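The structure under discussion appears below in the form of structure tokens.
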Amino acid sequence: GYGLMIEGDYAAAEAMYREALRSARVGDRPMSIAVSMSGIGQALTYARRNAEARPHLVESRERFDELNVRPGVITSDVMLGLVARDGGDLTAAARHWLAALTDPGRPWYDEDDYSTLQYVASILDDARTAALLLGAATSAYESTQVQQIAYVRSDLADTRARRESELGREEFGERFRAGGRRTKDEVAAIATAALDELLADAEVSPGARD
């Protein structure tokens, strides 16, 4: 399923995960059920079918939490953040991504943290911090041989273009390159602080971020 999502064939990935879910339910395999539901939710989210995706992601998160599978919980939070963002609820997106970045566990793959940083960059008011996070994510992607999912690549290009237009090419490039030199822990701390600030502002001015 993951390979199909890299290629952008989300319908085929969804079908594969749905078949896996049917088999997992017949065999009563809790972990396989959670993984399959998460896969369906991811494929639907990447296809921008958010209303359909959300119930699968909510249930997969609950199942992973019951099984104490932290990577699955983290993935569910990241995807629920995308559903919220693309639906216009930036405060809910921030809460999900903050939960993912501060979870005591680790994601399935190290690169997953960088895609979360990329998404955080899309909702911050501070374009300089956003550019730094984008630089960190891009540097990490370039250093690995794992190709990113089509949605992630498109989202990165869109966010980068928007932030560069806000800052100007020179300032954006400076911050972008600086992000590429930061360690993973450093940029995660920067993103966490930025999300904390965003959520604090939202509490002072409810509805301002929706």
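The values are calculated or read from the model by the stated rules, or taken from the named source; none is laboratory data. Just so it is clear, the structure is predicted and the values come from calculations on it, not from any experiment. When we count neighbours, we look across all protein chains shown, and the Cβ atoms used for this are built from the backbone with ideal geometry, even at glycine. All accessible areas refer to the heavy atoms of the entire protein, side chains included, with ligands and DNA or RNA removed. Shrake-Rupley method; radii C 1.70, N 1.55, O 1.52, S 1.80 Å.
Observations on the model:
- Positions within region 33-70 being at positive phi and either of a type in the set (S, T, N, Q) or open to solvent by less than 10 Å² (accessible area, probe 1.4 Å) (or both), in sequence order: ASN68
- Just one residue in the set ARG162, ARG181, ARG153 is of a type in the set (Lys, Arg), within 28 Å of ILE6 (Cα to Cα) and loosely packed, with under 13 Cβ neighbours inside 10 Å; that residue is ARG181.
- Any pair with Cβ under 9 angstrom, 6 or more apart, that starts in region 99-126 at a residue that is under 18 Å from LEU198 (Cβ atoms) and ends at one that is outside any helix (DSSP H, G or I): ALA100/PRO107; THR116/PRO107; ILE123/ARG209
- Note on region 45-54: residues that are in contact (Cβ under 8 Å) with a residue 12 or more places away in the chain and over 11 Å from LEU82 (Cβ atoms) amount to 1.
- Criterion violated by TRP108 - all others in (1) under 22 Å from ALA150 (Cα atoms); (2) open to solvent by less than 40 Å² (accessible area, probe 1.4 Å) satisfied: (2)
- Boolean, THR91 is closer than 24 Å to GLU203 by Cβ, among the hydroxyl-bearing types (Ser, Thr, Tyr) and modelled with pLDDT of 95 or more: yes
- Answer from GLY81, GLY87, GLY8 - the residue that is farther than 21 Å from LEU199 by Cβ and under 18 Å from the mean Cα position of the chain (by Cα): GLY8
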